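Here is the structure we will look at.
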Amino acid sequence: MSQKVPLSVAIITKNESRRLPDCLRSVAFADDIVVVDSGSTDGTVELAEEFGCRVYVEAWKGDGPQKQSAVSKCANDWVLVLDADERLTGEARERVIAVVSAPESCDAYSFTRKSIFHGNWVRHGGWWPDRVIRLFRKSKGEYRAITHGRWFTHGSMSRLDVPLEHYSYRDFADLVTRMNDYSTLRANELYDAGARTNPYAAVAHAVFMFFKSYVIGRGFLAGFDGLLIALTKAGGSFLKYAKLVELQRSRHEDRS
């Protein structure tokens with residue numbers, strides 16, 4: 001579209017040169033795109049600059065603080081936050097434009113996320129509808145939480161029943177790697193918040209998470225991918241609490 005919309009798009013990146021182009025093309029209608037990169041070595045920064053984005057390179061501070069940093073740099077009050085592995089569908093684009101253009105709009109809007117894995121839309125196992133707040137007036141809220149940042153609005157909120165497309169994991173190896181990385185971050189966050197646990201609780205959390213994803217969430221309907229998703233959810237939950245136990249033991253030893 002030739003006429004740009006007064007909307008800022010905030011994206012945080014690291015080594016996303018493969019997935020970022022599709023993300024940027026899906027928001028080309030916005031008149032301001034801010035990319036905060038945390039040290040890419042694959043040409044992500046150069047790619048974003050060529051697209052016309054305003055690019056900043058900053059050390060990684062955690063998901064929530066990094067996104068808040070990107071939002072704070074946006075020129076417009078209306079901000080759409082996307083990850084590099086997400087894209088606006090055509091229907092979602094039209095709804096976003098309508099919200100930004102209407103004076104009676106609410107202050108924040110959530111989307112459903114349509115996660116694509118191995119080329120298929122995963123509708124089970126807890127991956128759908130996966131609602132997230134991504135469009136908001138930046139003057140009416142802020143990001144909270146370090147490991148998995150969430151937008152908290154001080155104003156009114158509504159839902160947009162249109163999906164973002166989400167290409168989160170490249171393959172099973174990527175799924176397992178991020179499960180391990182995320183569980184480490186969450187264990188540290190829980191420890192710093194004063195949470196404590198024991199090995200039996202770690203096992204119980206894992207069993208419950210598998211049952212929730214594979215049985216309650218009907219992950220079995222997603223075939224082999226559904227089984228692997230349930231297993232990694234269970235493994236991630238187990239590792240999160242097992243690593244919390246490890247932190248308790250190691251830091252107790254440090255004090256003794």
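The values are calculated or read from the model by the stated rules, or taken from the named source; none is laboratory data. Note that the structure is a prediction, hence the values are computed from the model and not measured. Note: ideal-geometry Cβ built from the backbone for every residue, glycine included; neighbour counts use all protein chains shown. To get the accessible areas, we keep the full protein, side chains included, count just its heavy atoms, and leave off ligands, DNA and RNA. Shrake-Rupley method; radii C 1.70, N 1.55, O 1.52, S 1.80 Å.
Which residue pairs have Cβ atoms under 9 Å apart, sit 6 or more places apart or on different chains, and have a first residue in the range 101-128 that is under 13 Å from LEU221 (Cα atoms) and a second that is exposed (fewer than 14 other Cβ atoms within 10 Å of the Cβ)?
ASN120/GLY223; ARG123/LEU221; HIS124/LEU221; GLY125/LEU221; GLY126/ILE216
Give LEU221, LEU228, LEU239, LEU244 a once-over and let me know the one that is in a helix (DSSP H, G or I), within 18 Å of ILE146 (Cα to Cα) and in contact (Cβ under 8 Å) with a residue 24 or more places away in the chain.
Within the list LEU221, LEU228, LEU239, LEU244, the selection yields LEU244.
Search the range 178-200 for residues being part of a loop (DSSP other than H, G, I, E, B) and of a type in the set (Gly, Ala, Ser), and hand back the single one that is least open to solvent (accessible area, probe 1.4 Å).
Within the range 178-200, the match that is least open to solvent (accessible area, probe 1.4 Å) is ALA195.
Does GLU165 meet the test of being over 19 Å from the mean Cα position of the chain (by Cα) and among the charged types (D, E, K, R)?
no
For the range 35-79, which residues satisfy the criterion of being over 19 Å from VAL99 (Cβ atoms), open to solvent by less than 10 Å² (accessible area, probe 1.4 Å) and not in a helix (DSSP H, G or I)?
VAL35, VAL36, ASP37, GLY62
Give the residues of the range 133-149 that are among the aliphatic types (A, V, I, L, M) and modelled with pLDDT under 95, sorted by residue number. First the steps, then the outcome.
Start the filter on the range 133-149 by keeping residues that are among the aliphatic types (A, V, I, L, M), which leaves 133, 135, 145-146.
Scanning the range 133-149 gives ALA145, ILE146.
Do we find that ALA98 is crowded, with 19+ Cβ neighbours inside 10 Å, modelled with pLDDT of 95 or more and either assigned to a helix (DSSP H, G or I) or charged (D, E, K, R) (or both) in this structure? First the steps, then the outcome.
Values: crowded, with 19+ Cβ neighbours inside 10 Å: no; modelled with pLDDT of 95 or more: yes; either assigned to a helix (DSSP H, G or I) or charged (D, E, K, R) (or both): yes.
Criteria not met by ALA98.
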